[in-house]
Amino acid sequence: MTQTANNRTGQNVLSATWWTPRRTKLASFCGIVGGLGLTALSITRTGVGLDLGAINALYPVGYLLLSVSLLAADARYVSEYGRRGRLLAVLLSLSLLSYAGSIIVLLVSRIGFGSVQTPVTGLIGIAFLAMRLLGSLYGVRLWRRTETRLTAGLFIAVLPAALLLGPLAVVGFPAFWIESPLYLAFIALGYDLWRGN
């Protein structure tokens, strides 16, 4: 009984032994579905105030799915990219969850107060930038330490896309141009997990 208790407490979502082949396949599906869903949502949204209403509630679900796939990928790649890669993966996962939480607070703020409260917009901005910066740094680590070139390249492009293409969303172009590298990176990551790379 003690050995069983120790096995349970020694396993967590950052442990490679927790990520069985079945759980890893499920996490790969999370990355693919989350990435595809968020890509579809980003095509319909711009930076000029188009409000999708209730459909905005799907964004946090998408970011949660991305976070699950990232944790599975970390368990797979930690032996290749080491502690720094793990730190970046955990921080990126936390920024994804923070962004999802910020969106929930934004939606509740709109419903409860009729407008967005200033601290909420600040939190969203910080989480948005953190996701992009950490995503690109994670991509660099993947590029240097693993063989996942397409996935790593897409992650690396996350911050430059936001910085270079961000003004397009402000003038009415779809958010897809800024957000797609992040979502496509997770689709590729999910595919890598599915194939066992």
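The values are calculated or read from the model by the stated rules, or taken from the named source; none is laboratory data. All of these numbers come straight from a predicted model, not from anything done at the bench. No Cβ is skipped: glycine too gets one built from the backbone with ideal geometry, and neighbour counts run over all protein chains shown. Heads up: the accessible areas ignore ligands, DNA and RNA and are worked out on the full protein's heavy atoms, side chains in. Shrake-Rupley method; radii C 1.70, N 1.55, O 1.52, S 1.80 Å.
Among the conditions (1) more than 22 Å from Tyr191 (Cβ to Cβ); (2) open to solvent by 30 Å² or more (accessible area, probe 1.4 Å); (3) at pLDDT 95 or above, Arg86 misses just one, which is (1).
I'm trying to understand the selection: among the residues of the range 62-91, which are within 15 Å of Thr146 (Cβ to Cβ) and of a type in the set (A, V, I, L, M, F, W, C)? Correct list: Leu70, Ala72, Ala73, Ala75, Val78, Leu88, Ala89.
In summary, Arg144 fulfils each of the numbered conditions (1) in contact (Cβ under 8 Å) with a residue 12 or more places away in the chain; (2) out of contact with any Phe, Trp or Tyr (no Cβ under 9 Å at 6 or more places or on another chain); (3) open to solvent by 10 Å² or more (accessible area, probe 1.4 Å) with the single exception of condition (2). Taking first residues from the range 24-39 that are assigned to a helix (DSSP H, G or I) and partners that are surrounded by fewer than 17 Cβ atoms within 10 Å (Cβ to Cβ), the Cβ contacts under 7 Å between residues at least 6 apart in sequence or on separate chains come to Lys25/Trp194; Ser28/Trp194; Gly37/Leu58. Scan the range 161-186 residue by residue and report those that are surrounded by 22 or more Cβ atoms within 10 Å (Cβ to Cβ) and β-branched (Val, Ile, Thr). Of everything in the range 161-186, just one residue is surrounded by 22 or more Cβ atoms within 10 Å (Cβ to Cβ) and β-branched (Val, Ile, Thr), namely Ile178.
Is there a residue being at pLDDT 95 or above and surrounded by 20 or more Cβ atoms within 10 Å (Cβ to Cβ) anywhere in the range 35-56?
Yes; the residues of the range 35-56 include at least one that is at pLDDT 95 or above and surrounded by 20 or more Cβ atoms within 10 Å (Cβ to Cβ).
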